[in-house]
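Q: Sending over a structure as structure tokens; questions will come in a sec.
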There are 2 protein chains.
Amino acid sequence: MNRHDHDAVCTGVQTLPLLDSQTVFPGVPYSVSVLKPGYCRPQPDGSFTADGTVSLITGPRTILVDTGGPWDRDFLLKALKDRGLDPEDVQLVVGTHGHSDHVGNLSLFPHALMIVGYDVSEGDTYRPNKLSEGEAYVIDEHVCVVPTPGHTLQDVSVQVKGTSAGTVLVAGDLFECCSDEDSWRDLSMNTAVQEVSRQEALHTADVIIPGHGVPFRVLRS
Amino acid sequence: MNRHDHDAVCTGVQTLPLLDSQTVFPGVPYSVSVLKPGYCRPQPDGSFTADGTVSLITGPRTILVDTGGPWDRDFLLKALKDRGLDPEDVQLVVGTHGHSDHVGNLSLFPHALMIVGYDVSEGDTYRPNKLSEGEAYVIDEHVCVVPTPGHTLQDVSVQVKGTSAGTVLVAGDLFECCSDEDSWRDLSMNTAVQEVSRQEALHTADVIIPGHGVPFRVLRS
């Protein structure tokens, strides 16, 4: 029994990787697309190459969740253009947390509502919110930004209800990848807090889009 | 005795605001310029307008410390151009911490060495470092990036030795402004840790450039 199986038994939850090719979760009114799956690859010299997953939510509102690293600028512009979108069509940008592989391209969206961690801003005006008190920031009845602290103390995830795959959680580094039991703790600022956030996610989401891997399905017994 | 005086007496340190017009600290080999002093202004509706201080260090290397919010893109390009610089002339970009009013324009510098909080990267390659162990990341004998946690758990500041004003610390939100005794704790993720970082700064720097105000001088008895 590996650590992943053990975790699954303890919580009554199983996680199953999806095919690399399954990156679109269509739905009404919102669909979720992974524009770029994140990765994290240790290198022989002790460094690692990494990028954060970039996701797009389309429907009544156009929402970008994480923007990749600064080197992703041209990729991101092209990925949007391929979908008929200019940067100014993105109404809401969410940075799940303030690490450089997730918030590298905020400047492409100066006019969007911006939620980076627990900060909600429009231009230089920062709006009051209750993310730090554990309350979701509701976009509409289908989409909300939920506090999921642990990796940093101000991480958020975006929950999308009603896709063909059920509820999708775009989770940033709450999860590194599908089977991350051997890695997430080393990257966590507070493992106890993150464990609570992870369990809540595993009990509410049907698909989780992690920060450094491909989407995975959650099966509850 | 107000809280600021009390603090000064307790620590044997006094802080004195500099004139708004003093934003350049020339030196050999490095000079420090405040391109934009940050601010934080509460609004009647409960929101606040805010931006992070943007600073430029010039000398053997060209170093930008904090990039302002996403709305600062055009300002930043013009401020660099006014000094004869293109974005690609900036060799090192430091984001003191991952809040949106400090890391809004990372994408202008895809080829720079980038230090955001405790993460050191070149493109998508993240380099090992010991910031999380309390060790400075040394650029050269005059400039180093020092861990100054508290506001977030991964804040850094940039220390520049040998300016005409002595040692300058570009401190991000380690300090909000000169007299911030009534405000910094409410914005701190760990006040005890931040107090230690602040005291260390007050005992080593001659000038501190705070995250949301003009530079101030430190006088030690």
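The values are calculated or read from the model by the stated rules, or taken from the named source; none is laboratory data. Quick caveat, the model's predicted, so the values are computed rather than measured. Every residue, glycine among them, receives a Cβ derived from its backbone with ideal geometry; neighbour counts consider all protein chains shown. Note: areas computed on protein heavy atoms with side chains; ligands, DNA, RNA excluded. Shrake-Rupley method; radii C 1.70, N 1.55, O 1.52, S 1.80 Å.
Q: Considering only the range B:130-151, how many residues are open to solvent by 40 Å² or more (accessible area, probe 1.4 Å) and either part of a loop (DSSP other than H, G, I, E, B) or over 30 Å from B:Arg185 (Cβ atoms) (or both)?
A: So the count comes out to 7.
Q: Out of everything in the range A:92-101 that is of a type in the set (Gly, Ala, Ser) and open to solvent by less than 10 Å² (accessible area, probe 1.4 Å), what residue ends up being nearest to the other protein chains (Cβ to nearest Cβ)?
A: A:Ser100
Q: Restricting attention to the range A:200-219, which residues are open to solvent by less than 40 Å² (accessible area, probe 1.4 Å) and polar (S, T, N, Q)?
A: If the condition is that a residue be open to solvent by less than 40 Å² (accessible area, probe 1.4 Å) and polar (S, T, N, Q), then no residue fits.
Q: Okay, next question. Checking B:Ser157 against (1) touching a Leu at 6+ places or on another chain (Cβ under 9 Å); (2) free of Cβ contacts under 8 Å to residues at least 60 places away in the same chain; (3) away from chain A (no Cβ under 14 Å): exactly one of these is not met. Which one?
A: (2)
Q: Restricting to the range A:102-113, name every residue that is more than 7 Å from every other protein chain (Cβ to nearest Cβ) and open to solvent by 10 Å² or more (accessible area, probe 1.4 Å).
A: Matches in the range A:102-113: A:His111, A:Leu113.
Q: Can you name the number of the only condition in (1) more than 14 Å from chain B (Cβ to nearest Cβ); (2) open to solvent by 50 Å² or more (accessible area, probe 1.4 Å) that A:Arg73 fails?
A: Among (1) more than 14 Å from chain B (Cβ to nearest Cβ); (2) open to solvent by 50 Å² or more (accessible area, probe 1.4 Å), the lone unmet condition for A:Arg73 is (1).
Q: Shifting gears a bit: May I ask you to verify whether B:Asp89 is of a type outside the set (Phe, Trp, Tyr) and either closer than 21 Å to A:Leu76 by Cβ or within 13 Å of chain A (Cβ to nearest Cβ) (or both)?
A: Criteria not met by B:Asp89.
Q: In the range A:188-221, which residues are under 16 Å from the mean Cα position of the chain (by Cα) and of a type in the set (A, V, I, L, M)?
A: A:Ala201, A:Leu202, A:Ala205, A:Val207, A:Ile208, A:Ile209, A:Val214, A:Val218
Q: Under the condition of being among the small types (Gly, Ala, Ser) and surrounded by fewer than 24 Cβ atoms within 10 Å (Cβ to Cβ), which residue from the range B:154-184 is farthest from B:Glu133 (Cα to Cα)?
A: For the range B:154-184, the residue satisfying everything is B:Ser164.
Q: One residue is enough: does the range A:161-175 have a residue meeting the conditions within 14 Å of chain B (Cβ to nearest Cβ) and assigned to a strand (DSSP E or B)?
A: Checked against the condition, which is being within 14 Å of chain B (Cβ to nearest Cβ) and assigned to a strand (DSSP E or B), the range A:161-175 yields no hits at all.
Q: Among residues belonging to the range A:25-48 that are surrounded by 16 or more Cβ atoms within 10 Å (Cβ to Cβ) and β-branched (Val, Ile, Thr), point out the one that is farthest from the other protein chains (Cβ to nearest Cβ).
A: Step by step, filter the range A:25-48, then rank; the result is A:Val32.
Q: How many residues does the range B:178-194 contain that are touching a helix residue (DSSP H, G or I) at 6+ places or on another chain (Cβ under 9 Å) and more than 14 Å from chain A (Cβ to nearest Cβ)?
A: Within the range B:178-194, residues that are touching a helix residue (DSSP H, G or I) at 6+ places or on another chain (Cβ under 9 Å) and more than 14 Å from chain A (Cβ to nearest Cβ) number 7.
Q: Pull up the range B:195-216, narrow it to residues that are within 15 Å of B:Pro37 (Cβ to Cβ) and not in a loop (DSSP other than H, G, I, E, B), then point me to the one that is nearest to the other protein chains (Cβ to nearest Cβ).
A: Among those that are within 15 Å of B:Pro37 (Cβ to Cβ) and not in a loop (DSSP other than H, G, I, E, B), it is B:Ile209.
Q: What are the residues in the range A:114-129 that are facing another protein chain (nearest Cβ under 7 Å) and either on the phi < 0 side of the Ramachandran plot or in a strand (DSSP E or B) (or both), if any?
A: Once the filter is applied, which keeps residues that are facing another protein chain (nearest Cβ under 7 Å) and either on the phi < 0 side of the Ramachandran plot or in a strand (DSSP E or B) (or both), the range A:114-129 yields A:Met114, A:Val116, A:Asp119, A:Ser121, A:Asp124, A:Thr125, A:Tyr126, A:Arg127, A:Pro128.
Q: Between a first residue in the range A:49-68 that is away from chain B (no Cβ under 14 Å) and a second residue that is of a type in the set (Asp, Glu), which pairs have beta carbons less than 7 Å apart while being 6 or more apart in sequence or on different chains?
A: A:Ser55/A:Asp66; A:Pro60/A:Asp140; A:Thr62/A:Asp89
Q: Can I ask one more? Please give the number of the condition A:Asn190 fails out of (1) within 21 Å of A:Thr49 (Cβ to Cβ); (2) surrounded by fewer than 22 Cβ atoms within 10 Å (Cβ to Cβ).
A: Exception for A:Asn190: condition (1).
Q: Sticking with this one: Hey, does the range B:136-149 have a residue that's within 14 Å of chain A (Cβ to nearest Cβ) and small (Gly, Ala, Ser)?
A: Scanning the range B:136-149 turns up no residue that is within 14 Å of chain A (Cβ to nearest Cβ) and small (Gly, Ala, Ser).
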